[in-house]
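Asker: Below is one structure. I have some questions about it.
The values are calculated or read from the model by the stated rules, or taken from the named source; none is laboratory data. Please read these numbers as outputs of a predicted model, since none were measured by experiment. No Cβ is skipped: glycine too gets one built from the backbone with ideal geometry, and neighbour counts run over all protein chains shown.
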Amino acid sequence: MKDNRPYLYPPLASRLFSVWFRHMRVYTKNIFSNGLPPFLEPLIFLAGVGLGLGKYITQSMEGLTYIEFLGTGLLMTSAMFTASFECTFGTFIRMEFEKVYDGMLAAPLTANNLIIGEIIWAGTKGFFFSFAVLCVLTCFGIISLPRGLLAPFVGFFTGLMFSVIALLVTSFVRTINHFNFYFTGFLSPMFFFSGVVFPISNLPAYIRPFAEILPLTHSVRLTRAVCASQYNWYLLLDMLYIIAFILVIGFFAVNRLKKRLVY
Amino acid sequence: MSPVAITVKNTSKSFGKVNAVANLSFEVEADTCYGFLGPNGAGKTTMMKMLYGKCTRGEDGSINVLGYDPAKDELAIKYLSGVVPQDNNLDEELDVISNLMVYSRFYALPRKAATSRIDYLLGFMELSDKRAARIRELSGGMQRRLVIARALMNNPKLLILDEPTTGLDPQVRHLIWDKLRQLKRHGTTILLTTHYMEEAFALCDTILIMDKGAGILRGSPAELLAQNVEKHVLEITGSHSVEAIADAAILQKVRIDRTQETTRVYCDDDQLLRQLTGRLEGAHYFLRPANLEDVFLKATGRALNERQ
């Protein structure tokens with residue numbers, strides 16, 4: 001039988017897209033239950049602050065009212081949490097329980113393609129979740145467009161950062177319950193010590209350097225700058241940190257996780 | 001001789017201290033069906049996974065699949081092959097048609113071509129009325145057929161099936177056998193593992209019996225039968241002693257294989273066995289031609305090993 005196929009195998013971009021497409025289709029299959037919560041969550045948060053907590057916090061934070069300060073932080077925490085869930089529980093379930101990856105790896109995809117497609121998908125979710133928060137913040141007049149429109153792009157990179165570290169964690173995890181350590185031991189502290197709920201300048205001086213190590217700190221600083229259109233040279237350092245974090249942690253994550261997929 | 005689709009030479013693979021595959025060599029001719037038989041843990045699945053790069057192979061040896069080395073060109077091999085893994089790994093969150101549409105993207109099939117290919121495959125595997133069904137609503141047999149349809153997405157030259165019909169009812173099994181025969185006739189090379197001897201007998205042109213990672217017997221089903229086992233078997237259930245009814249002259253001509261509840265007397269001469277049955281008063285017995293299962297048990301032994 002003569003074979004006249006157009007190529008030896010699909011090109012890289014097509015392979016990465018196909019992985020992304022698979023995740024997108026599964027996610028949008030339940031568009032209501034998957035798509036609504038990202039809008040509801042910030043709504044509930046802002047209601048809690050606006051109706052209750054906000055009355056007690058009258059001091060401005062980094063020149064913002066408290067609701068502005070917290071709102072811009074939430075743009076990033078939502079991206080952080082969605083990418084983290086996607087690449088811990090989500091990845092683990094696809095890998096160990098549903099065996100979806102085994103099916104995908106029988107198609108013309110390498111383990112690297114699959115993992116990188118996964119990372120890009122997590123970035124996309126970061127974008128979407130930030131966008132959802134942005135919509136809510138805009139509706140309440142907390143952020144003014146069009147400057148805020150850049151925030152989802154920072155959300156994309158935040159999604160990438162938290163997906164690579166989540167995948168690295170996943171590569172070590174043997175039972176799904178171990179992720180609880182990651183969430184309570186790493187992500188919850190990050191929520192409080194990255195300048196989301198209060199400025200890190202309020203932290204004791206000896207803790208501040210630690211806050212600078214945390215990835216979320218840099219996302220949040222970048223987002224606030226974007227939303228306020230207040231650019232400064234040190235934002236370049238934040239960007240540099242984000243890029244370096246994605247590349248370095250991503251390198252280890254891909255290489256470790258690959259060994260669990262192809263053995 | 002037809003061209004060779006797969007050549008494996010002196011390939012080994014170990015997981016820690018376990019040698020899953022030990023210095024295995026074999027060759028699969030194009031457009032034939034090649035079957036791996038062997039107890040659980042014999043290394044069949046590992047061998048198959050090495051062919052399409054899901055497992056890395058040990059340092060020595062070489063593998064060539066459709067002209068490519070899986071260590072270097074796994075993508076080319078995967079593009080030309082279809083794989084039906086041991087466990088169904090369909091996307092449970094998607095319906096039948098979406099499962100196939102998503103899979104068609106992996107091969108970068110244009111949407112229109114994918115749609116018509118999927119229509120054809122659903123028809124071929126007799127699943128056309130299940131297009132919109134969710135995976136959970138499908139029976140085990142339908143899920144299996146869907147996994148096979150998915151493997152056929154890119155019109156593969158090589159189809160790899162790991163226990164394609166385990167746990168399925170006879171109707172579905174026969175349907176799958178029919179489809180596999182059709183595929184073979186149209187130029188697909190088929191590689192399969194199975195625990196069902198009748199499946200191997202029905203489909204395979206060549207069979208390789210593996211045990212503890214090594215190939216121990218190979219040949220066509222007919223050759224394996226002719227060369228490795230007597231033609232006839234007398235199966236006696238209960239604790240009858242053959243020695244009590246057979247004299248030394250007969251005992252010399254037969255081979256006896258005994259488990260707790262069954263005694264099997266193997267012999268090329270069925271008249272002799274028939275003679276024996278006359279002396280088996282009141283015992284349950286069954287005289288039958290020897291089959292692949294007898295070859296298999298003889299080759300791999302009756303006792304369970306630590307991997308089973």
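Asker: Out of the helices (runs of 4 or more DSSP H) lying entirely within the stretch A:1-93, which hold 2 or more residues that are more than 10 Å from chain B (Cβ to nearest Cβ), of a type in the set (A, V, I, L, M) and over 27 Å from A:N112 (Cα atoms)? If you could, list the steps in order and put the result at the bottom.
Answerer: Working: elements: A:12-29, A:31-35, A:37-51, A:66-85.
Qualifying helices (runs of 4 or more DSSP H): A:37-51, A:66-85.
Asker: I would also like to ask the following. From the set of residues in the stretch B:1-48 that are buried (at least 22 other Cβ atoms within 10 Å of the Cβ) and touching a helix residue (DSSP H, G or I) at 6+ places or on another chain (Cβ under 6 Å), which is nearest to B:A200 (Cα to Cα)?
Answerer: This residue is B:G35.
Asker: On to the next question. Can you name the condition, by its number, that B:Q271 falls short on among (1) modelled with pLDDT of 80 or more; (2) within 30 Å of B:M48 (Cβ to Cβ); (3) not assigned by TED's automatic domain parsing to the domain that holds B:A20?
Answerer: Result: B:Q271 fails condition (2) only.
Asker: Would you call A:V169 crowded, with 24+ Cβ neighbours inside 10 Å and away from chain B (no Cβ under 14 Å)?
Answerer: On the way: crowded, with 24+ Cβ neighbours inside 10 Å: no; away from chain B (no Cβ under 14 Å): yes.
In short, no.
Asker: Can you name every one of the strands (runs of 3 or more DSSP E) wholly within the stretch B:177-264 that holds 2 or more residues which are among the basic types (K, R) and outside the structural domain of B:F124 (by TED's automatic domain parsing)? Working first, answer last.
Answerer: Working: elements: B:189-193, B:206-211, B:214-219, B:232-237, B:255-258.
Strands (runs of 3 or more DSSP E) meeting the threshold: B:255-258.
Asker: Kindly provide the set of residues from the stretch A:68-88 that are touching a helix residue (DSSP H, G or I) at 6+ places or on another chain (Cβ under 6 Å) and aromatic (F, W, Y), ordered by number.
Answerer: None - no residue of the stretch A:68-88 is touching a helix residue (DSSP H, G or I) at 6+ places or on another chain (Cβ under 6 Å) and aromatic (F, W, Y), so the list stays empty.
Asker: Got a number for residues in the stretch B:69-87 being crowded, with 17+ Cβ neighbours inside 10 Å and part of a helix (DSSP H, G or I)?
Answerer: 9
Asker: In the stretch B:69-79, which residues are in contact (Cβ under 8 Å) with a residue 12 or more places away in the chain and more than 8 Å from every other protein chain (Cβ to nearest Cβ)?
Answerer: Of everything in the stretch B:69-79, those that are in contact (Cβ under 8 Å) with a residue 12 or more places away in the chain and more than 8 Å from every other protein chain (Cβ to nearest Cβ) turn out to be B:P70, B:A71, B:I77.
Asker: Kindly establish whether B:L66 is crowded, with 20+ Cβ neighbours inside 10 Å, of a type in the set (A, V, I, L, M, F, W, C) and more than 24 Å from A:R260 (Cβ to Cβ). Give the steps one after another, and end with the answer.
Answerer: Details: crowded, with 20+ Cβ neighbours inside 10 Å: yes; of a type in the set (A, V, I, L, M, F, W, C): yes; more than 24 Å from A:R260 (Cβ to Cβ): yes.
So B:L66 fits the description; yes.
Asker: Right, next: For residues that are under 14 Å from A:H23 (Cβ atoms) and small (G, A, S), scanning just the stretch A:94-125, find the one that is nearest to the other protein chains (Cβ to nearest Cβ). If you could, list the steps in order and put the result at the bottom.
Answerer: Of all residues in the stretch A:94-125, those under 14 Å from A:H23 (Cβ atoms) come to A:94-95, A:98, A:100-101, A:103-104, A:109, A:113-125.
If we keep only those that are small (G, A, S) too, we end up with A:103, A:117, A:122-123.
Working: A:G103: 4, A:G117: 10, A:A122: 17, A:G123: 19 Å.
Among those residues, the one meeting the criterion is A:G103.
Asker: Right, another one. For residues that are part of a helix (DSSP H, G or I), within 8 Å of chain A (Cβ to nearest Cβ) and more than 27 Å from the chain's Cα centre (by Cα), tally how many sit in the stretch B:88-105. Step through it out loud before you land on a result.
Answerer: The first filter runs over the stretch B:88-105 and keeps only residues part of a helix (DSSP H, G or I), leaving B:96-105.
When the remaining residues are screened for being within 8 Å of chain A (Cβ to nearest Cβ), the result is B:98, B:101-103, B:105.
With more than 27 Å from the chain's Cα centre (by Cα) added as a condition, the list becomes B:98, B:101-102, B:105.
Selection size over the stretch B:88-105: 4.
Asker: Ok, one more. From the list A:N180, A:N202, pick out the single residue that is out of contact with any Asp or Glu (no Cβ under 9 Å at 6 or more places or on another chain), surrounded by fewer than 19 Cβ atoms within 10 Å (Cβ to Cβ) and under 29 Å from A:A111 (Cβ atoms). First the steps, then the outcome.
Answerer: Details: A:N202 fails: under 29 Å from A:A111 (Cβ atoms).
Every option except A:N180 fails the conditions.
Asker: Taking B:G238 as meeting all but one of (1) within 14 Å of another protein chain (Cβ to nearest Cβ); (2) out of contact with any Pro (no Cβ under 6 Å at 6 or more places or on another chain), write down the number of the exception.
Answerer: (1)
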